[in-house]
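So the structure is just underneath, and the comments pick up after that.
The values are calculated or read from the model by the stated rules, or taken from the named source; none is laboratory data. Treat the numbers as computed from the prediction; the structure is a model and nothing was measured. Neighbour counts are summed over all protein chains in view; Cβ atoms, including those assigned to glycine, are modelled from backbone coordinates with ideal geometry.
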Amino acid sequence: MRSRKRAFWIVVSLFALVVVAWATTWVAGNSNTGTTAKTLATTLPSVSAHDLIVCGLEVQNYSSNPSVAFSDSLNGAYTMERTVSASSQTAQMWYFLNSAASGSTVTITASWTGLTPNYSQIACGHWTGPWLLDGSGNYQTGSGTAMDSNSIAVNNSNDLVVAYGLAGGGSPSAANGFTAREPSTLAGAYQILEDITASSAIHAQATQTSGAYIMMGQAFKSANAAANPTVSPSSGNVSLTVTLSTTSGAVICWNTAGSPATNHTTGCTTGTAITTNSGTSCVGSSTVCGDITVSSPETVYAIAGGTGYADSAIVTGTYTSASTLRVRRRLVVE
């Protein structure tokens with residue numbers, strides 16, 4: 001029996017990795033245009049946890065191309081899928097894979113320094129998630145009425161393929177089975193955000209009246225969301241044990257700074273990974289377990305994920321005095 005020192009036991013239990021086959025569900029989008037300002041923003045209505053957000057951006061200038069910072073008011077910085085420059089314009093695609101939930105409007109902002117554009121435009125949308133990146137996208141530049149991205153790799157059944165195009169001649173329309181999502185009115189527009197569900201390689205296509213174009217696209221594969229860890233109690237002077245099953249790719253990422261994240265395989269992009277049976281109280285070869293020491297006062301942030309899984313929500317525990325903190329989690333795949 002353990003010593004009766006001033007401590008509580010904390011149990012952080014990940015009851016299951018919930019395996020869900022998500023449908024390609026478009027939720028909502030928005031777009032905006034600008035002129036010489038060095039920032040451009042648009043908004044999305046409330047988003048749900050694990051939603052995929054994808055945006056296209058154009059910055060036009062006749063002498064140089066921009067270095068862009070891209071983020072939103074909910075999730076922070078986005079990842080750029082690609083940037084393409086042609087015919088005095090730059091097109092970029094940005095995405096955020098695993099959005100947090102928001103009950104209010106989310107503002108998405110692109111900004112840059114050292115460049116005064118002649119024109120800029122942005123188009124964003126979000127889809128019910130979770131989704132993960134599937135291979136490399138593709139693009140093409142050209143001119144004429146037919147816009148084409150070249151072949152986009154699709155490595156799984158029912159991938160979501162999202163494409164963004166700049167139409168120099170204006171008034172683009174979706175083609176090759178794609179559905180136009182933004183702008184809501186394409187007549188007179190010079191950009192298009194479109195999507196399709198595909199199970200094999202596909203060309204993202206659109207038509208325009210004439211002129212130069214840039215067309216790009218990227219596939220996303222359906223993912224399984226890791227269930228949220230549960231912390232009990234969530235405060236006090238505690239000890240915490242973390243236990244994992246040997247499910248392939250399972251990982252806990254934790255830190256005391258906030259915003260831990262897995263790399264969707266066996267490591268962390270932010271935080272410290274627990275993937276082995278290394279804790280002093282861990283027993284049995286079928287578990288992954290680790291002990292961590294928490295100083296006072298501190299908050300512990302933990303998240304679950306792994307190969308092929310979108311990260312769970314972040315679970316926290318707040319502690320007011322130093323202790324050996326053990327986080328206990330059991331991983332089950334249904």
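Among the residues of the range 250-264 satisfying the criterion of being within 16 Å of Ser312 (Cα to Cα) and surrounded by fewer than 16 Cβ atoms within 10 Å (Cβ to Cβ), which is modelled with the highest pLDDT? Lay out the reasoning, then the answer.
In the first step, residues of the range 250-264 are kept if they are within 16 Å of Ser312 (Cα to Cα); the result is 250-255, 258-264.
Those left that are additionally surrounded by fewer than 16 Cβ atoms within 10 Å (Cβ to Cβ): 258-259.
On the way: Gly258: 89, Ser259: 86.
My answer is Gly258.
May I ask you to list the residues in the range 84-102 that are under 18 Å from the mean Cα position of the chain (by Cα) and part of a strand (DSSP E or B)? Across the range 84-102, the qualifying residues are Gln92, Met93, Trp94, Tyr95, Phe96.
Starting from residues that are farther than 15 Å from Thr256 by Cβ and assigned to a strand (DSSP E or B), keep the ones in the range 274-289 and report whichever is modelled with the lowest pLDDT. Reasoning before the result, please.
Narrowing the range 274-289 to residues farther than 15 Å from Thr256 by Cβ: 275-289.
Subsequent filtering for residues that are assigned to a strand (DSSP E or B) retains 277, 288-289.
Working: Asn277: 67, Val288: 53, Cys289: 57.
Per the criteria, the residue is Val288.
Selection over the range 157-192 of residues that are of a type in the set (Phe, Trp, Tyr) and farther than 28 Å from Ala223 by Cα gives a count of 1.
With respect to (1) aliphatic (A, V, I, L, M); (2) part of a strand (DSSP E or B); (3) modelled with pLDDT of 95 or more; (4) closer than 30 Å to Tyr309 by Cα, the lone exception for Ala225 is condition (3). Annotation note: Cβ proximity below 7 Å between a residue of the range 106-127 that is modelled with pLDDT under 95 and outside any strand (DSSP E or B) and a residue that is β-branched (Val, Ile, Thr) and exposed (fewer than 15 other Cβ atoms within 10 Å of the Cβ) (sequence gap 6+ or interchain) occurs for Thr116/Thr36; Pro117/Thr36.
For the range 307-334, the candidate set comprises residues that are closer than 19 Å to Thr265 by Cα and β-branched (Val, Ile, Thr); within that set, the residue that is modelled with the highest pLDDT is Ile314.
Can you find a residue in the range 186-199 that is farther than 23 Å from Ile53 by Cβ, crowded, with 21+ Cβ neighbours inside 10 Å and touching a residue at least 40 places away in the same chain (Cβ under 8 Å)? Quick ask: steps written out before the conclusion?
Keep residues of the range 186-199 that are farther than 23 Å from Ile53 by Cβ, which gives 187-188, 199.
So of that shortlist, the ones also crowded, with 21+ Cβ neighbours inside 10 Å come out as none.
No, the range 186-199 has no match at all.
When you look at Gln92, is it buried (at least 18 other Cβ atoms within 10 Å of the Cβ), over 14 Å from Gln205 (Cα atoms) and in contact with a strand residue (DSSP E or B) (Cβ under 6 Å, 6 or more places away or on another chain), yes or no?
Numbers: buried (at least 18 other Cβ atoms within 10 Å of the Cβ): yes; over 14 Å from Gln205 (Cα atoms): yes; in contact with a strand residue (DSSP E or B) (Cβ under 6 Å, 6 or more places away or on another chain): yes.
Here the answer is yes, as Gln92 does meet what is asked.
Per-residue answers, yes or no, for (1) exposed (fewer than 14 other Cβ atoms within 10 Å of the Cβ); (2) among the polar types (S, T, N, Q); (3) in the same structural domain as Ser149 (by TED's automatic domain parsing):
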{"site": "Thr35", "(1), (2), (3)": "yes, yes, yes"}
{"site": "Leu40", "(1), (2), (3)": "no, no, yes"}
{"site": "His50", "(1), (2), (3)": "no, no, yes"}
{"site": "Ile53", "(1), (2), (3)": "no, no, yes"}
{"site": "Asn61", "(1), (2), (3)": "no, yes, yes"}
{"site": "Phe70", "(1), (2), (3)": "no, no, yes"}
{"site": "Gly76", "(1), (2), (3)": "yes, no, yes"}
{"site": "Ser87", "(1), (2), (3)": "no, yes, yes"}
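Remark: Val154 matches the filter, which requires a residue to be modelled with pLDDT of 95 or more, crowded, with 19+ Cβ neighbours inside 10 Å and outside any strand (DSSP E or B).
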